[in-house]
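Structure first, then comments.
The values are calculated or read from the model by the stated rules, or taken from the named source; none is laboratory data. Keep in mind the model is a prediction, meaning the values are calculated, not measured. Please note: Cβ atoms are built from the backbone with ideal geometry, for glycine as well, and neighbour counts cover all protein chains shown. Note: areas computed on protein heavy atoms with side chains; ligands, DNA, RNA excluded. Shrake-Rupley method; radii C 1.70, N 1.55, O 1.52, S 1.80 Å.
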Amino acid sequence: MTSVFYEEVISLVDKLTPEEQQLVVRHVLEKPKLRKMTADEFKQWLESLTFDAGAVLEAYSDRREDWYGDDGR
């Protein structure tokens with residue numbers, strides 16, 4: 001098996017057309033579906049999908065009553 005380095009892969013992907021780059025992305029995203037991931041791999045994958053959206057507005061409330069009034073509608 002031939003070793004491939006990350007930098008080489010990035011260099012090659014940069015040379016692809018935008019459409020080909022999208023196909024590479026789709027391939028990479030589909031790859032984990034071919035086998036069951038371990039719990040640790042799944043956790044890492046799930047965490048990779050998160051991002052920090054910044055601070056929540058000070059006046060924000062997730063209480064239903066604050067959004068719809070005391071009657072809950």
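In a shell of Cβ-Cβ distance under 15 Å around W45, excluding W45 itself, what net charge do Lys and Arg (+1) and Asp and Glu (-1) give?
Around W45, the surrounding residues sum to +1.
Consider the candidate values (1) 66, 30, 21; (2) 52, 18, 13; (3) 38, 21, 21; state which one is Cα extents along the principal axes in Å computed from the structure displayed.
Here the calculated entry is (1).
Would you mind working out the magnitude of the charge dipole of the chain relative to its Cα centre, with +1 at each Lys and Arg C-beta and -1 at each Asp and Glu C-beta, to the nearest 20 Debye?
520
Send over a whole-number figure in Å² for the accessible area per residue of the chain, probe 1.4 Å.
Here the per-residue accessible area is 104 Å².
Using a 1.4 Å probe over the heavy atoms of the protein chains, calculate the carbon and sulfur portion of the accessible area of the chain as a whole percent.
After summing per-atom areas, the C and S share lands at 58 percent.
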